[in-house]
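The values are calculated or read from the model by the stated rules, or taken from the named source; none is laboratory data. These figures come from a predicted structure and were not determined experimentally. Every residue, glycine among them, receives a Cβ derived from its backbone with ideal geometry; neighbour counts consider all protein chains shown. Accessible surface areas use protein heavy atoms only, side chains included; no ligands, DNA or RNA. Shrake-Rupley method; radii C 1.70, N 1.55, O 1.52, S 1.80 Å.
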Amino acid sequence: MDKIKDTRSFMRITHRYLGYFLAGIMAVYAFSGVLLIYRDTDFLKKEKKYDKVIAKDLTEKQLGKELK
């Protein structure tokens, strides 16, 4: 790195390298976001099936209570 002459040149150099670093972080963040959106896995999805036997000839209110 060049010899730092004054505060202005120090701030310019720091800003440049900080920009390079943050641009790399943003690129990785964007790439991982795209991967998470378009992935084709059901890793967190689970299917649940319930079998319940209910009586015949129930009214709507009774059926609602049974199914809750």
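Table for the structure above
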| read-out | value |
| --- | --- |
| HN-Hα J in Hz across the stretch 60-68 - Karplus 6.51, -1.76, 1.60, θ = phi - 60°, x for Gly and Pro | 5, 5, 5, 5, x, 5, 5, 7, 5 |
| Average accessible area per residue (Å²) across the chain - probe 1.4 Å, nucleic acids and ligands excluded | 113 Å² |
| 3J(HN,Hα) from dihedral phi, the stretch 38-45, Karplus parametrisation 6.51/-1.76/1.60, rounded to Hz, x for glycine, proline | 9, 6, 10, 10, 10, 4, 9, 9 |
| Y38-M11 pseudo-label distance in nm [points 7 Å out on the Cα-to-Cβ vector] | 4.1 nm |
| Given charges at Cβ of Lys, Arg, Asp, Glu: the chain dipole, positive-most of Y38, Y50, T7 | T7 |
| Computed label-point distance, nm, for sites M26 and V53 using a 7 Å Cα→Cβ extension | 6.4 nm |
| Portion, in percent, of the accessible area of the chain that falls on carbon or sulfur, probe 1.4 Å | 61 percent |
| J(HN,Hα) series, the stretch 17-27, from Karplus relation 6.51 cos²θ - 1.76 cosθ + 1.60, nearest Hz, glycine and proline x | 6, 5, x, 4, 5, 5, 5, x, 5, 5, 5 |
